[in-house]
1. Using mean Cβ contacts within 10 Å as the protection proxy, how do B:400-408, A:76-84, B:447-455 order, highest first?
2. Calculate how steeply helix A:127-145 sits against the longest principal axis of the alpha-carbon atoms of chain A, using the helix alpha-carbon long axis, and give the answer as 0 to 90 degrees to the nearest 10.
3. Taking each residue of B:469-478 in turn, how many C-beta atoms of other protein chains fall within 10 Å of its C-beta, and what is the average?
4. Can you classify chain A as rounded, prolate or oblate using the Cα gyration tensor, where a ≥ b ≥ c are the square roots of its eigenvalues, rounded means a/c under 1.5, and otherwise it's prolate if a/b beats b/c and oblate if not?
5. Grab the other residues whose beta carbon is less than 14 angstrom from that of B:ASN360, score K and R as +1, D and E as -1, and report the net.
6. How much net charge surrounds A:PRO115 when only the other residues with a Cβ under 11 Å from the Cβ of A:PRO115 are counted, with Lys and Arg +1 and Asp and Glu -1?
7. Which ³J(HN,Hα) values, rounded to whole Hz and listed in residue order, are derived for the range A:61-71 from phi using the Karplus coefficients 6.51, -1.76 and 1.60 in 6.51 cos²θ - 1.76 cosθ + 1.60 with θ = phi - 60°, glycine and proline given as x?
Amino acid sequence: MIVKCIGNTGQFLRPFEYSMITNPEVFGRFGASAGSRFGVQIGVTYRVMGIFIAQEYQGYLVDDGGYIQTAPCQLFEILDNTIPSDWKFSVLDLKNPHYPLLQAVFGYEELVSDPLAIEKLIGDMEETACRIYFRKKLAYEQEEME
Amino acid sequence: MQLFIKISIKNLKPRQLNLLQLEESLTKSFRNSFFLVAVFLVAACSPELQEQAGVVERVANPVETKFEKWYEAEHKEILETPFNARMQFDPSVRLTYRYKEVDWSSYKKLNLPSKFEIYEFEFLASNVVVPFDFKEEFGYDEALKRSKQTLLIFAQGNEVVKSYVIRYYFSGEKAGIADFQKVNYDAVDKNWKGQIDLYSLNEIHLVSFDMVIGQVIGTETMKLGSQDDIHPSQSASTTCTTIWTEGPCEPIPGETGVVCYDTFTTYCYNSSPPLISGFPFWNGSGGFAPGGTGGPAVQSICDFDPTCIPYPDSMDDAEVSIQKLIEGITDPEQRRKAQLDYLRNRGGSDLVELVEELINAGGLSMGDIREINKLVESVYLNQKARFLMAIFSPENFNAILFLVSSDISTTLRTRVFTFLPNYAIRQGVNILIPLGKGSTGRVVARNIGEQLAMKAAMANPKDGLILPITINDSRWLGWTKMQYELIGLDGKIYIHYVGKFENGVLMYVDDFKFITP
């Protein structure tokens with residue numbers, strides 16, 4: 001799945017809020033204030049490595065400049081909506097420490113099977129988790145080329 | 001055609017939204033006062049104004065005699081030469097000239113940066129000019145009490161080089177009115193709020209200074225030029241430069257947060273010969289022209305340029321000497337102490353107290369002391385280089401936060417986190433201070449890029465993002481994991497931290513760290 005970034009600020013997401021937020025300092029449902037900046041760049045295409053359902057929005061798992069990011073879907077337009085055939089889906093149960101902030105994950109096997117995978121990727125930048133991510137990304141790219 | 005262009009030179013940085021209200025209220029009364037100004041003549045001195053004479057230095061000095069003749073000659077000339085070029089201005093920007101009797105025996109020699117001797121004289125008869133809006137705001141009687149006019153003379157020996165009529169309009173608290181009357185151009189009290197207008201002797205409005213907490217936050221120059229192309233020779237040679245100056249900050253009374261008075265100042269001057277440009281020129285006895293009767297051709301632009309007027313209460317030579325003295329100290333500890341003394345005496349006592357608290361608790365490494373010295377140096381340089389003292393500015397506060405990401409010991413870092421919030425609260429600094437509940441990652445920057453990123457994150461945590469993951473650390477239960485990104489020359493730098501929200505607004509922050517180990 002390939003997406004192109006069309007916005008990268010909290011301000012860009014303001015129209016998608018369920019109710020109008022006038023105070024720029026208030027963090028809306030996307031976890032962003034008007035001044036917040038997401039780690040993606042406008043005009044750049046990204047390979048989506050996972051889709052997650054957060055408490056109040058849906059987001060993609062992408063990487064920019066070697067850093068793995070979560071970003072709301074509204075920041076992107078879809079260029080290729082093909083989903084890799086090996087993706088799995090998992091719903092986080094009540095025991096998961098990240099519930100209810102994170103509710104469900106759709107993506108490659110390791111991302112879905114490890115209940116703490118997202119935390120390891122974006123919170124701790126754990127080496128093993130990141131290595132799996134980038135190895136998987138490479139595999140998808142090669143697969144696509146073939 | 002309007003002969004004068006009123007160059008509005010007061011703008012605010014977007015971040016100073018809080019200031020708008022205050023600015024508006026301040027300038028509502030004054031911004032257009034010049035055009036709305038009404039001249040009110042007071043039939044006789046009010047007791048309040050008669051008391052003015054007592055507040056200035058009374059010295060039996062021949063100074064009075066050397067200026068008296070000059071003043072009378074100027075008066076005569078202004079009256080007798082109505083078609084003199086200096087009178088050829090749009091009447092809407094010039095007050096009606098009236099004779100104002102000077103109390104030559106009561107004056108103060110001012111300490112302002114100038115090669116000339118500067119004297120400020122009181123006027124005997126008040127003849128106070130009260131802007132219409134000012135009168136509307138306070139009522140006529142109170143407006144009079146809040147107004148004062150003096151004569152400023154720049155002299156070289158017995159020659160008057162230039163002179164101005166100064167009008168002070170105090171809009172501060174009513175309780176401050178009595179003290180207001182003691183104001184002098186080189187000694188503006190820190191509680192002083194209002195406007196100081198400078199006019200030429202024949203009542204041409206040259207410049208206004210808007211003052212808050214005794215500091216200039218905005219100026220307006222009244223300059224000759226052309227707003228249309230009818231007289232291209234006038235406008236073509238007008239040159240303007242704009243300077244942004246970060247202003248002082250102060251807590252908002254009764255609220256949290258800080259209000260800062262940043263200023264955009266535009267200086268314009270017309271490089272045409274004064275006669276053509278129509279600048280007020282003085283060709284009388286003495287006048288602007290050094291050496292007596294010089295006509296327009298021998299005038300220097302600066303003589304006509306209001307920017308050559310020193311700001312009220314501007315830095316004097318003694319200040320420069322102190323700075324030179326401090327900067328000559330090579331011993332780091334002595335230098336730090338001198339810099340702290342300097343800051344303490346200029347409204348920075350809380351900052352000094354904080355630094356002293358950090359040091360006096362002991363247990364610091366040499367590296368810690370070195371970093372503290374750097375901090376003090378940075379704040380000192382930040383302060384001394386500018387006319388406006390912004391000791392409580394977020395910029396200075398950031399300098400302290402910068403310390404946190406330096407290579408300092410945990411002892412000092414913890415101490416900063418412990419003392420800093422109190423300091424911030426006291427000063428009403430609108431920056432979220434890390435609570436210092438602990439640290440879960442690397443906080444020491446590896447390079448300047450990282451240090452800048454940490455500083456930026458700490459200064460702007462509200463520009464970060466909430467990550468969709470939960471914090472399980474017992475120290476921050478119920479808090480939110482956040483991320484701040486800075487794109488530097490060497491690529492991206494991410495800072496993670498934790499935040500606590502109230503009604504969607506970030507209220508507390510802590511545990512700033514670099515995400516790369």
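Any read-out appearing in this document is the output of simple, stated calculations on the displayed coordinates, not a laboratory observation. These numbers come from a predicted model, not from an experiment. Don't worry about glycine lacking a Cβ; one is built from the backbone with ideal geometry, like all the others, and counts go over all protein chains shown.
1. Most protected by this proxy first, the peptides run B:400-408, B:447-455, A:76-84.
2. 70 degrees
3. Working: counts 14, 9, 5, 3, 0, 0, 0, 0, 0, 0.
Taking all residues of B:469-478 together, the mean is 3.
4. On the way: a/c = 1.87, a/b = 1.32, b/c = 1.41.
Because a/c hits 1.5 or more and a/b fails to exceed b/c, chain A counts as oblate.
5. Working: positive: B:ARG336, B:LYS337, B:ARG415; negative: B:GLU333, B:GLU353, B:GLU356, B:GLU357, B:ASP368.
That works out to -2.
6. On the way: positive: A:LYS95, A:LYS120; negative: A:ASP93, A:ASP114, A:GLU119.
Cβ neighbours under 11 Å give a net charge of -1.
7. Whole-Hz 3J(HN,Hα) from phi for the range A:61-71: 9, 9, 9, 9, x, x, 9, 7, 10, 10, 8.
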